[in-house]
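Colleague: Before anything else, here's the structure in question.
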Amino acid sequence: MGRKNILSLLILAGVILALPLGLGNSYYLNVLVFVGIYSLITIGLSLLMGYTGQISLGHAAFFGLGAYTSGVLSTKFGVSPWLALLAGIFVTGGIAFLIAAPALKLKGHYLAMATLAFGYIVFIVFNQASSLTGGPSGFGQIPRFRLGNFLLRSDVHYYYLVWTLVIVVLLVSLNIIHSRVGRALRSIHEGELTANIMGVNTAKYKIQVFVLSAVYASLAGSLYAHFITFLNPTPFGFHFSIVLVAMVAVGGMASVWGAMIGAALLTILPEYLRAFQDYDILIYGSILLLIMMFLPQGLFAGILRLIKKER
Amino acid sequence: MSLGDQLLQYLFTGITIGAIYGMVALGFNIIYSATGIINLAQGEFVMLGGMMMVYLTAIIKLPMVVSFFLSILIVTAIGAAFERAAIHPLKSPSVITLIIITVAASILFKGGAMFAWGKHTVSLSPFSGEEPISVLGATILPQTLWILGIMAATVALLILFFGFTLTGKAMRACAANRTAASLVGINVKTMVLLSFALSAGIGATAGIIITPIALMNYDRGTMLAVKGFSVAVLGGLGSNVGAVVAGFIIGIMESLGAGFISSGYKDAIALVVLLLVLFLKPSGLLGSRERAEFKKF
């Protein structure tokens with residue numbers, strides 16, 4: 001997977017290990033836990049959007065399915081959080097598979113609207129199936145993860161858990177990108193018909209990458225549920241699906257690193273924009289619009305290209 | 001109320017809301033035909049129309065008729081400005097870029113409306129009287145008649161525009177084949193601008209006439225857009241007759257579903273229909289299979 005990527009991964013691992021030492025304040029650690037959780041989703045979304053060229057406006061639903069499966073099983077049925085996390089992955093992956101087969105026959109706008117509709121339906125179910133989900137007001141007291149007898153209770157514990165998983169997911173994803181499958185995915189982006197003629201089973205690969213990205217989102221959802229210990233439908237609505245797409249687009253679609261940077265930027269930025277309160281929606285919209293108009297390859301690819309031009 | 005009366009009542013409600021969905025779908029069609037773009041900010045035009053009307057009548061205290069036409073005019077201008085600012089400058093954008101741009105625009109319109117008018121839900125008094133008219137045991141609000149009348153007038157004007165004016169015919173030519181249209185001297189870029197203005201105007205009209213019945217809020221646009229898109233797809237994207245018919249179908253399904261099955265899942269009905277149509281017959285009910293061959297599903 002290339003020396004550059006291995007080096008980047010090592011640097012990332014070092015930074016992750018060192019950061020909590022520098023940050024005494026648990027508030028920053030808390031923000032970083034969220035950056036990690038969202039990175040898990042955007043890495044998958046960048047595989048889907050950036051590499052394969054398929055859009056999803058419904059990924060918040062997979063995040064929510066993971067969170068709710070995990071939360072409901074562990075809270076109401078006494079299942080251990082780890083098993084609940086696995087169950088979430090199977091449920092979400094299964095639903096993603098059922099949706100993917102017919103949806104990925106569609107292209108462009110139609111795929112966007114189909115995923116949007118799917119996301120909305122899931123959101124409505126979260127709100128309406130109140131015997132399980134507690135409806136709009138949600139439910140709490142979701143148990144936290146345990147390692148043997150050790151209960152993960154502080155932000156530092158979750159910080160290390162989440163970021164370890166981010167590294168694992170990055171490793172898996174980079175391996176996929178730099179394999180035969182990765183080349184097949186990119187060939188779909190470049191031209192599906194051509195890819196087909198060259199013998200790439202485009203339908204199969206599109207479904208696989210869609211399910212994989214849903215599984216990443218589900219994993220993130222379970223981590224979220226057992227970290228926050230409270231769930232209601234609001235974080236899993238259409239707005240969050242857009243935020244996810246924005247993160248991937250801002251960082252640069254065709255790079256898992258870009259997707260992580262986008263997740264970090266759009267998670268940390270609003271923390272500094274607290275003064276604007278509700279109006280962060282205006283800032284999101286503007287950033288998204290301007291980047292898409294002027295740097296459609298994303299912030300980092302765009303800036304890199306500008307620097308090269310200057311030379 | 002007997003079951004029959006109840007059924008009739010739901011039917012009336014469904015026709016009212018269906019007319020609005022149909023008009024949102026017309027807006028989708030016009031832009032789609034001219035550009036191949038699905039404008040995800042279409043619902044925001046509806047919201048802006050309703051909010052602007054309330055602002056002009058309640059705060060500025062302009063007369064109803066003046067506010068009505070002024071609101072449409074302002075939102076039309078917003079639609080045109082959006083096209084000039086965000087769509088026009090793009091050089092051969094990818095579909096993903098276009099989708100994200102219209103989504104970003106819808107967020108901006110939503111945020112702008114919240115900034116200007118706040119988060120609370122606003123109401124508008126009906127155009128004439130609030131006394132329900134009773135018909136065969138069920139009742140109709142006078143506003144429903146206004147909605148149906150204005151929708152019929154809009155459709156009639158559109159038919160006249162597309163059928164009998166040079167500009168309208170030029171827009172149809174763009175819809176049929178953009179390259180060929182530009183070869184015979186039609187300014188395609190101007191037609192794109194016109195299509196955004198026109199569908200913003202139609203969206204605003206729908207927003208104004210529904211507000212007295214359904215109220216309005218800065219946050220309503222997305223759901224209206226999704227419903228309108230479901231209708232446009234069910235009718236066959238690009239087919240205006242299809243949009244009107246499918247509007248009534250989905251409106252009635254929704255109101256029957258809310259009445260007899262569950263009001264909580266009401267909003268899911270249009271979405272399930274959308275998914276089924278996309279998965280099974282993406283050319284829609286009235287979209288021709290032959291024309292669908294040229295579309296990028």
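The values are calculated or read from the model by the stated rules, or taken from the named source; none is laboratory data. None of the values given here were measured: they were computed from a predicted structure. With ideal geometry, Cβ positions are generated from the backbone for all residues, glycine too; neighbour counts draw on all protein chains shown.
Colleague: Check off (1) buried (at least 16 other Cβ atoms within 10 Å of the Cβ); (2) in contact (Cβ under 8 Å) with a residue 12 or more places away in the chain for residue B:93 and give me the number that stays unchecked.
Modeller: Only one criterion is unmet by residue B:93, namely (2).
Colleague: Within region B:47-69, count every residue that is in a helix (DSSP H, G or I) and within 23 Å of residue B:120 (Cα to Cα).
Modeller: Residues flagged as in a helix (DSSP H, G or I) and within 23 Å of residue B:120 (Cα to Cα) within region B:47-69 amount to 16.
Colleague: Go through region B:123-144 and report how many residues are more than 23 Å from residue B:56 (Cα to Cα) and not in a strand (DSSP E or B).
Modeller: Qualifying residue count, region B:123-144: 5.
Colleague: Another question, then. If I filter region B:60-68 for residues that are under 18 Å from residue B:206 (Cβ atoms) and in contact with a strand residue (DSSP E or B) (Cβ under 6 Å, 6 or more places away or on another chain), do I get at least one hit?
Modeller: Looking through region B:60-68, none of the residues is under 18 Å from residue B:206 (Cβ atoms) and in contact with a strand residue (DSSP E or B) (Cβ under 6 Å, 6 or more places away or on another chain).
Colleague: Another question, then. Can you go through A:258, A:237, A:252 and tell me which one is away from every other protein chain (no Cβ under 14 Å) and closer than 22 Å to residue A:48 by Cα?
Modeller: Only one candidate qualifies: A:258.
Colleague: Restricting the search to region A:67-126, which residues are more than 14 Å from chain B (Cβ to nearest Cβ) and assigned to a loop (DSSP other than H, G, I, E, B)?
Modeller: A:77, A:78, A:79, A:80
Colleague: Please go through region A:99-151 and pick out each residue that is more than 23 Å from residue A:203 (Cβ to Cβ) and hydroxyl-bearing (Ser, Thr, Tyr).
Modeller: Answer for region A:99-151, where residues must be more than 23 Å from residue A:203 (Cβ to Cβ) and hydroxyl-bearing (Ser, Thr, Tyr): A:120, A:130, A:131, A:133, A:137.
Colleague: Which ones in region B:217-236 are over 14 Å from residue B:23 (Cα atoms) and polar (S, T, N, Q)?
Modeller: B:217, B:222
Colleague: Can I ask one more? Looking at B:168, B:185, B:163, B:236, can you tell me which residue is crowded, with 16+ Cβ neighbours inside 10 Å, more than 25 Å from residue B:53 (Cα to Cα) and free of Cβ contacts under 8 Å to residues at least 24 places away in the same chain?
Modeller: B:168
Colleague: For region B:50-73, what are the residues that are within 18 Å of residue B:150 (Cβ to Cβ) and β-branched (Val, Ile, Thr)?
Modeller: Listed by number, the residues that qualify are B:54, B:57, B:65, B:66, B:72.
Colleague: Which condition number does residue B:120 fail, the rest of (1) assigned to a helix (DSSP H, G or I); (2) within 14 Å of another protein chain (Cβ to nearest Cβ) being met?
Modeller: (1)
Colleague: Follow-up question, since we're still on this one. When you look at residue B:86, is it touching a helix residue (DSSP H, G or I) at 6+ places or on another chain (Cβ under 8 Å) and within 14 Å of chain A (Cβ to nearest Cβ), yes or no?
Modeller: yes
Colleague: Which numbered condition trips up residue A:302, out of (1) crowded, with 16+ Cβ neighbours inside 10 Å; (2) within 14 Å of chain B (Cβ to nearest Cβ); (3) assigned to a helix (DSSP H, G or I)?
Modeller: Among (1) crowded, with 16+ Cβ neighbours inside 10 Å; (2) within 14 Å of chain B (Cβ to nearest Cβ); (3) assigned to a helix (DSSP H, G or I), the lone unmet condition for residue A:302 is (1).
Colleague: Sticking with this one: What number goes with the only condition from (1) over 12 Å from residue B:274 (Cβ atoms); (2) surrounded by 21 or more Cβ atoms within 10 Å (Cβ to Cβ); (3) in contact with a Leu (Cβ under 8 Å, 6 or more places away or on another chain); (4) not aromatic (Phe, Trp, Tyr) that residue A:83 does not pass?
Modeller: It fails just one condition, (2).
Colleague: Follow-up. Can you tell me which condition residue A:49 does not meet? The list is (1) touching a Phe, Trp or Tyr at 6+ places or on another chain (Cβ under 9 Å); (2) surrounded by 24 or more Cβ atoms within 10 Å (Cβ to Cβ); (3) at pLDDT 85 or above; (4) part of a helix (DSSP H, G or I), and all the others hold.
Modeller: Every condition holds for residue A:49 apart from (1).
Colleague: Scan region B:194-238 residue by residue and report those that are small (Gly, Ala, Ser) and either touching a His at 6+ places or on another chain (Cβ under 6 Å) or not in a helix (DSSP H, G or I) (or both). Don't jump to the end; show me each part of the working.
Modeller: Residues of region B:194-238 small (Gly, Ala, Ser): B:195, B:197, B:199-201, B:203-204, B:206-207, B:214, B:221, B:225, B:228, B:230, B:232, B:235-236, B:238.
B:236, B:238 - these are the residues of region B:194-238 that are small (Gly, Ala, Ser) and either touching a His at 6+ places or on another chain (Cβ under 6 Å) or not in a helix (DSSP H, G or I) (or both).
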